[in-house]
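The structure appears right after this line, and notes come after that.
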Amino acid sequence: MWLLWLFVALPIVEIALFIQVGGLIGVWATLGLVVLAALLGMAVIRSQGAHAWLEAQRSLAQLRDPSRPLAHGMMLLIAGLLLIVPGFFTDLVALLLLIPPVRDLVMRQAGRRMRVRAVHVGRREAHRPPYADGVIDADYVVEDEPAARSPRPPLDLPEDVEGNPPSPRRGGSGWTQH
């Protein structure tokens, strides 16, 4: 319901501010301020948006929580959009969002109202370490024609048992090849 009141009240406030500022400084100066604010908004979106994206990538690369840089980037994007929207009240809100302590305050207030219900990190099998992620690191060689090989000894018998000679490949079991 409060969102409906915001959509009704915001245009009324903006029109009243346009009338007041236009009466004080003139029509052309008022229009100039609106255009200047829109240009500033586009500059904020370009420069600060890219900076926030790089900061979020840097925090991910350092295995830190990226929520703070992402939230700051989102608020800078909102500030840029509010500067593009014509109006003095929205410009004031946007300029406040450009101040880092104000963004921190907004994040703290929003954090108090949010709750995490469930965190799903991903499904993992119990016998696999978390860093392996099901990947086996190995080297292989592609042979054009398979070479004639002597039959391999049974895998469950040790090589030093009588009647089970070592594999012809460098004295090993045949499991590894270097």
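Read-outs throughout are calculated quantities, based only on the coordinates presented, and are distinct from any laboratory measurement. What you see is a predicted model, and the numbers here were worked out from it, not measured in a lab. Note that we place each Cβ from the backbone using ideal geometry, even for glycine, and neighbour counts take in every protein chain shown.
Placing dummy labels 7 Å off each Cα toward the beta-carbon, the span from residue 110 to residue 6 is 1.1 nm. Among 95, 105, 63, sorting on how many other beta-carbon atoms sit within 10 Å of each Cβ, with the fewest leading, yields 63, 105, 95.
Phi angles across the stretch 72-78 convert, under the Karplus curve 6.51 cos²θ - 1.76 cosθ + 1.60 with θ = phi - 60°, into 3J(HN,Hα) values of 5, x, 5, 5, 5, 5, 5 Hz, Gly and Pro given as x. Using alpha carbons only, the radius of gyration of the stretch 13-110 set against its Kirkwood radius gives Rg/Rh = 1.10. Add +1 for every Lys or Arg and -1 for every Asp or Glu among the other residues with Cβ under 13 Å from the Cβ of residue 52, and state the total. That works out to +3.
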